[in-house]
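Following: one structure in structure tokens, then a few remarks.
Nothing in this text is a laboratory measurement; each read-out follows from the coordinates by a stated rule. Model, not experiment: these values are computed from the prediction. Virtual Cβ from ideal backbone geometry, glycine too; neighbours counted across all protein chains shown.
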Amino acid sequence: LLQYAAKKSAQLNKTTKFRFCRGRFEHALGYEMLDGRKRNGASFTWTVVREPTKRAISQFFHFEVSREGTPTTDHDFQKYLRNERGYLRNYYLQVLNPEKTNAALVDLDPTTLINKIMYDYDFIGITERMGETAVCLMMLLGVPMGSMLYLDAKTNGGYDDAGHDH
């Protein structure tokens with residue numbers, strides 16, 4: 001999609017300079033990516049969410065087991081969940097929040113915040129349905145079928161992205 005976006009940007013803007021979204025390179029918060037966004041068709045903002053239980057398990061193995069050497073016992077996983085509970089429970093409300101402050105998490109009821117998130121993103125895909133998510137994106141963006149190739153990056157059985165020094 002990034003290659004297609006660069007090509008499309010060059011066609012629309014008549015320039016070869018393409019600005020990648022910061023969220024592509026770092027796990028930026030929603031308000032950092034959406035600040036100043038023009039909703040007049042000049043941009044297309046999308047994200048992918050994951051089923052919360054699977055995301056919590058993955059996060060435990062990625063950060064705790066792989067990087068910290070935490071044992072993979074039920075006790076250690078439960079301890080992790082208790083320590084991270086607030087963060088894990090409101091994870092997507094926090095990271096996709098279009099407001100510049102997380103006070104919105106306290107001040108707004110979840111339905112209002114979810115409606116703000118749904119308004120600010122053009123598309124929200126689902127990790128567990130990545131094939132369908134990719135097809136929907138292709139259709140929404142008018143990307144030719146031959147331009148899309150989806151490969152699962154997590155098939156080698158590891159818990160880490162190998163980008164962390166121990």
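Amide H contacts of residue 49: 125, 126, 127, each under 5 Å away and 5 or more positions distant or on a separate chain (H built 1.01 Å from N in the peptide plane; Pro and chain starts excluded). Packing, as the average of other Cβ atoms within 10 Å across residues, places the peptides 68-74, 52-58 in the order 52-58, 68-74, highest first.
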